[in-house]
Amino acid sequence: MPEAMNAHLTASFFDSTKCFIGGRWVAPASGDYLDIENPSDGTVIGKIPRGGKADIDAAVAAAEAALKGEWGKMTAADRGRVLSRIGRLVLERADELARLEALDVGKPLKQAKADAIALARYMEFYGGAADKLMGQTIPFLDGYTVYTLREPHGVTGHIIPWNYPMQILGRSVGAALTMGNAAVLKPAEEACLTAIAFARIAEEAGLPAGALNVVPGLGEEAGAALTSHPGIHHISFTGSVPVGQIIQRAAAQNIVPVTLELGGKSPQLVFADADLDRALPFLVNAGIQNAGQTCSASSRILVHRSIHDELLGRMAARYGALTVGPAIADRDVGPLVSARQREIVEGFLGHVGTAEIAARGKVDADAPDGGHYLAPALIAKVTADHKLAQDEIFGPVQVVIPFDDDAEAVAIANGTEFGLVAGVWTADGGRQMRLAKAIRSGQVFINNYGAAGGVELPFGGTGKSGFGREKGMEALYGFSTLKTVAAWHG
Ligand code: ADP
């Protein structure tokens with residue numbers, strides 16, 4: 001009986017066995033459930049609904065009804081107030097949400113807490129932005145007044161992954177609700193707890209029924225039903241390239257705009273004049289944060305040959321000191337999310353070939369046997385075309401590649417099929433500006449990497465990293481459509 005199994009989860013403030021549809025907590029139509037695995041020890045800690053087509057149909061109908069009802073009639077200022085209230089409640093529950101995320105996906109507690117705070121920030125940021133996106137008046141022919149209206153798409157579908165469940169929910173659902181869309185969210189099957197908890201918080205904050213609907217379930221079932229649903233007017237997807245391709249095809253059938261945030265092979269370029277003391281923690285953290293299961297992980301370190309050996313030695317020393325253990329123990333690195341994910345990463349490490357493992361972190365001796373632990377690996381003597389330097393690994397693995405001059409550094413940086421994020425470490429202002437332009441990437445960071453997540457900063461890719469921008473004010477354009485009104489009055 002799912003409720004009993006979930007006793008320690010429901011003891012908090014929500015029931016993980018229910019879908020949230022039209023403001024009601026309902027069992028999945030199929031009556032089927034999926035196990036929640038704790039990646040830190042491999043135990044089953046509860047169940048989530050195995051939602052399917054019938055639940056998605058009900059959620060889309062509820063979203064349509066919300067647009068015609070209280071939610072659709074709300075002023076932008078009132079939408080902003082609700083989002084801000086959600087943000088406050090998320091902050092109050094940040095510790096509880098972090099604990100849930102740690103249990104559910106193996107994320108070390110401090111990193112999970114940072115995600116909960118980022119979720120609150122998205123609600124605050126978008127809550128404050130709800131009444132600030134304005135149209136234009138356009139000078140036109142004599143006798144006309146022309147202006148533009150920013151309007152919601154309607155029902156938005158959100159498919160999110162398991163690596164940053166709270167942050168990706170926040171940026172995608174937050175921007176969609178701000179613009180007055182009604183959202184249907186299908187969280188990843190490995191990571192539904194905080195999405196369901198978020199729906200409960202949104203309900204408590206007074207979000208009108210149907211504005212947000214959450215249907216947990218499998219990608220090929222609930223996910224496919226959502227992306228191919230004719231009642232969906234916009235799809236936002238973050239995940240792998242192959243699933244992004246499936247989703248773009250599904251969207252093509254209904255001619256629906258999509259935002260795709262896919263993988264990356266993001267480089268950091270380190271020049272001889274870089275401040276290495278400042279750079280080092282960024283260089284390593286960007287590879288091992290969330291066990292490397294990060295779209296914007298920096299998995300390639302490109303370094304000027306004159307400082308290659310020094311940098312490699314200093315990075316290797318940091319790797320040697322990295323600890324890996326259960327999420328609750330809050331080590332530098334937690335387990336990978338699943339046995340399958342660990343197998344994939346180990347498979348990549350089987351391709352080291354002529355390259356060399358320069359250093360590895362250490363898994364706690366008493367880490368539970370059933371956990372999906374993998375010691376982070378720093379790889380040297382890698383050529384730019386090596387499989388480990390080209391493919392997204394999605395694990396705690398970084399490669400170090402030397403370059404001789406700026407042109408070669410840019411060519412290597414741009415030499416993958418991805419283009420999500422890049423970092424440039426140099427004291428030379430001219431080089432900073434030249435490289436920021438020359439690197440093909442959705443974001444470029446100069447003498448930092450990631451800017452602590454920056455909810456204000458537009459984010460998205462080029463090439464196989466996807467298209468469309470989430471985060472910041474820019475996302476609000478993607479989650480709305482523009483109407484031009486031309487009035488002739490003589
Ligand atoms: P990963 O490989 O990292 O698990 P995926 O791209 O497979 O990432 O999954 C990201 C999200 O896409 C998850 O919510 C998953 O359920 C969903 N998904 C997977 N397959 C499909 C599909 N065929 N249609 C719609 N959504 C899907």
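Bear in mind these aren't lab numbers, they're just calculated from the coordinates by the rules spelled out. Just so you know, these numbers come straight off a predicted model, no measurement behind them. In this analysis, Cβ positions are derived from the backbone assuming ideal geometry, glycine residues included, and neighbour counts consider all displayed protein chains.
Overview of results
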item: On Cα atoms only, tilt of 76-92 relative to the major axis of the chain in degrees; result: 50 degrees
item: Gyration tensor verdict on the range 314-381 (Cα atoms; rounded if a/c is under 1.5, prolate if a/b is larger than b/c, oblate otherwise); result: oblate
item: Hits among lysines - C-alpha to C-alpha of Lys437 under 23 Å, sequence gap 8 or more where chains match; result: Lys265, Lys464, Lys471
item: The range 193-253 and the range 436-452: distance between their alpha carbon centers, rounded to Å; result: 30 Å
item: Hydrodynamic radius by Kirkwood, which averages 1/r over all alpha carbon pairs of the range 386-486, in angstrom; result: 15.5 Å
item: The range 1-124 shape via C-alpha gyration tensor axes, a/c threshold 1.5; result: oblate
item: Under 18 Å from Lys68, Cα to Cα: aspartates and glutamates that are on another chain or at least 8 residues apart; result: Asp57, Asp78, Glu151
item: Which of Ala66, Ser298, Ile328, positive extreme of dipole for the chain (C-beta unit charges); result: Ala66
item: Structure-based [θ]222 nm, the chain - -39500 (n - 2.57) summed over DSSP H runs of at least 4, per residue, nearest 500; result: -11500 deg cm²/dmol
item: DSSP loop chymotrypsin sites (Phe, Trp or Tyr not before Pro) with at most 15 other Cβ within 10 Å excluded, longest remaining stretch of the chain; result: 141-490
item: Qualifying trypsin sites (Lys or Arg not before Pro) for the range 82-120 [loop in DSSP, other Cβ within 10 Å: at most 15]; result: none
item: Positive-end residue of Gly466, Gly490, Phe445, charge dipole of the range 423-490 with Cβ unit charges; result: Gly466
item: Magnitude of the charge dipole, the chain, Cβ model with Lys/Arg +1 and Asp/Glu -1, debye to 20; result: 860 debye
item: Check: the range 88-197 dipole with +1 on Lys, Arg Cβ and -1 on Asp, Glu Cβ, in debye; result: 200 debye
item: Separation of alpha-carbon centers, the range 319-378 and the range 288-307, rounded to whole Å; result: 16 Å
item: Rounded to 5, percent antiparallel among DSSP beta bridges of the chain; result: 40 percent
item: Cα gyration tensor, the range 193-268 - rounded (a/c under 1.5), prolate or oblate; result: oblate
item: Part-to-part distance (alpha-carbon centres) for the range 133-150 and the range 71-131, which is given in Å; result: 36 Å
item: The chain: angle of helix 193-204 to the longest principal axis, Cα-based, in degrees nearest 10; result: 40 degrees
item: Magnitude of the charge dipole, the range 138-221, Cβ model with Lys/Arg +1 and Asp/Glu -1, debye to 20; result: 180 debye
item: Under 18 Å from the Cα of Lys113 - aspartates and glutamates, other chains or at least 8 residues apart; result: Glu92, Asp95, Glu96, Glu101, Asp104, Glu124, Asp330, Asp332
item: Between 0 and 90°, nearest 10: helix 94-105 axis offset from the chain longest Cα axis; result: 70 degrees
item: Peptide ranges 379-388, 292-301 listed from the most packed, as the mean C-beta count within 10 angstrom indicates; result: 292-301, 379-388
item: Where N is the number of residues in the chain, Cα Rg divided by 2.2 N^0.38 Å; result: 1.00
